[in-house]
Each structure stands twice: as structure tokens, then as C-alpha cells.
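All remarks here apply to the structure that follows.
The values are calculated or read from the model by the stated rules, or taken from the named source; none is laboratory data. Here the structure is a predicted model, which means the values were calculated and not measured. So basically every Cβ, Gly included, is an ideal-geometry build from the backbone, and we count neighbours across all protein chains shown.
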Amino acid sequence: MDAVEGATGRDGTPEPAAWSRRRPPWVLATTALLGVLTVLALLWAGTGLTDRDWVRVVGGGVVALLLGSTVGFLTVAAARRSGAAPRLGSWSDGVQGVRFDYSTATYCWFSLLLVGCVLVLLCVGAATGSVFGVLPAAGAALLGWYLVVMLRHAPGGLLLAPAGIAHRGPTNLYSVPWHAVRGVEAWDLGTSALVVKADPSPQSVLRRHTGWFDTGELRYLPFLVVRTYWLAADREAIRSALAFYLAHPELRGELGSEAAVRRIVEGRTAA
């Protein structure tokens, strides 16, 4: 899955074929259609202001929020990252390493999308009433809880430490030791994904903060999967850093120091 095509990363190196494929035209068409519907929903809410129809105002505003946040999330998910630099850091367990943090823009748009879904479900529940309104209300409570858990564990990211690799996703934490890793690949899972191919290991750690209600990457266990639209840094820079330290075990000790950050920023991990 990691054969090279003509596209290049920000450092000029060829990108894997799985990442250089163009998105299907229907994705752009769907995003454009949702954008038009967002504008129409806002106009509909505006007419409610003129007529003092507050049900129309609230309904149109909620629909516009849901559609607009979907457009924003689809747009940011398809965009190439700015190449934000890694930094030396740790998480609550105190393990020091090189951190590639999640994108703030992706967090914001995904959070707005969840808020829009919650509000739509609450409106549907209120409009339905009686027993049938319980199901939308329960769905809203579930998504609201998911959003709170996600924000409580933010920011997520990928951590390269001397002992292994850890991924803090929106609602889970998964880490694998270096000795269990046997490859780093670029996959296309509908969106580009960075995959650390790992074998099962007693030293691996998995924490599900929302149980089985997650974003789907954990179904590939024991592989560590990160959808690259979550990451703020350039995806090819991260892939090359992982591949470099996998191939050079004698240098992994520097992952707990600024030396590794400088190496990655200066492009000295590129193949």
C-alpha cells in the first residue's frame, strides 16, 4: 500500500500512492451541496425573524449549524496540514517523547458537528413528545457525553518515545513498544491513515474512555491507526520520522530530548 506515485510532500519527497490518490468527485459535489443547503437554512431562519416565528428561527439555525459544521469538517479533513512542528512533551503518565499534536481546527469542527447533532436530536425529541421523544433525547445524551469525554482528554496526538509509540485518539489511548512494531505504512481508509503495523504484546496499553463507542480505528488492533486529518503536522513528515526510528533502534534514546525534534524539523529522517 505504500508504493510511490508522482505526488510529493511538503519537503519534496514522493508521497505513498495511498495518499496521493485524488478524492472522488462526489465528495466535492456533496460538500458544495451541503454548503448551499446551509445558506438556504440560514435564509429560512432569517425569514422567521421577520415574521417573529421563533420555531422557524431555532429550527433553521440548528439545521444550519449541523450542515455548516459538516461542510467545515469535510473541508478541514481534506486539507493538507501546515507542517506544524513537533515538540518535546508528555502525557499524564509522564513518559517524555516527541509529540505530534492534533489539529485545533479539526477538534473545533468535529465538536461543532457533534453539537449540531445533539441539538437536532433534542429538537426532534421536543417536537415528537410522549414516549417516542425518549429515543432522540437518549441519542442526544449519548453524543453529549461523548463530546465531553473527547474534550476532557484533549489534545490528542502521536507520541514517539524511547520505549515505544503512543496514540491518544479522541476517546482512547493505545501504545505499543518498539519491539512489537514491524512496519509503518500509508493506507487509504476512505481518508488517509497512518498505520503502525504491530504484533500483540504484553507491554501494549489500551484504554477505551467511551467503551466500544469510538471512531473506528480500534477495529484494526493490534495495529495502531491514526487518520491523518486529525494531526496538525504534515503526514509525510510523521511517517518518515516513524520509519526512521524503526530502522535505527540505536537512536531511539534521543526521542526523549530536543535532539530528536531538531532531527525531524531539519528533515534528517526523510528517506
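Filtering Leu66, Leu49, Leu88 for residues that are assigned to a strand (DSSP E or B) and more than 18 Å from Val226 (Cβ to Cβ) leaves a single hit, Leu88. Do we have Ala105 as over 30 Å from His248 (Cα atoms) and part of a helix (DSSP H, G or I) here? Here the answer is yes, as Ala105 does meet what is asked.
Of all residues in the stretch 195-222, those being surrounded by 21 or more Cβ atoms within 10 Å (Cβ to Cβ) and modelled with pLDDT of 95 or more number 3. The condition of being within 15 Å of the chain's Cα centre (by Cα) and on the phi > 0 side of the Ramachandran plot holds for only one of Gly169, Gly190, that being Gly190. All of (1) crowded, with 18+ Cβ neighbours inside 10 Å; (2) part of a loop (DSSP other than H, G, I, E, B) hold for Tyr245 with one exception: (2). Among the numbered conditions (1) assigned to a helix (DSSP H, G or I); (2) within 16 Å of the chain's Cα centre (by Cα); (3) among the small types (Gly, Ala, Ser), the only one that Ala233 does not meet is (1).
Taking the stretch 69-85 as the region of interest, how many residues are in a helix (DSSP H, G or I) and within 30 Å of Thr269 (Cα to Cα)? Lay out the reasoning, then the answer.
Let us first name the residues in the stretch 69-85 that are in a helix (DSSP H, G or I), namely 69-78.
Add one more test, that the residue is within 30 Å of Thr269 (Cα to Cα), and what stays is 75-78.
Looking only at that region, the number is 4.
Are any residues in the stretch 95-119 under 18 Å from the mean Cα position of the chain (by Cα) and without any contact (Cβ under 8 Å) to a residue 40 or more places away in the chain, and if so, which ones? Of everything in the stretch 95-119, those that are under 18 Å from the mean Cα position of the chain (by Cα) and without any contact (Cβ under 8 Å) to a residue 40 or more places away in the chain turn out to be Ala105, Cys108, Leu114.
Against the test of being free of Cβ contacts under 8 Å to residues at least 24 places away in the same chain, assigned to a helix (DSSP H, G or I) and surrounded by fewer than 20 Cβ atoms within 10 Å (Cβ to Cβ), the options Leu151, Leu122 yield a single qualifying residue, Leu122. The one condition from (1) touching a strand residue (DSSP E or B) at 6+ places or on another chain (Cβ under 7 Å); (2) surrounded by 22 or more Cβ atoms within 10 Å (Cβ to Cβ) that Tyr229 does not meet is (1). When Trp19 is tested against (1) closer than 19 Å to Val124 by Cβ; (2) modelled with pLDDT under 90; (3) out of contact with any Lys or Arg (no Cβ under 6 Å at 6 or more places or on another chain); (4) surrounded by 13 or more Cβ atoms within 10 Å (Cβ to Cβ), exactly one condition is not met: (1).
Given the condition among the basic types (Lys, Arg) and farther than 30 Å from His248 by Cβ, answer yes or no: does some residue in the stretch 133-152 qualify? Yes, that holds for at least one residue.
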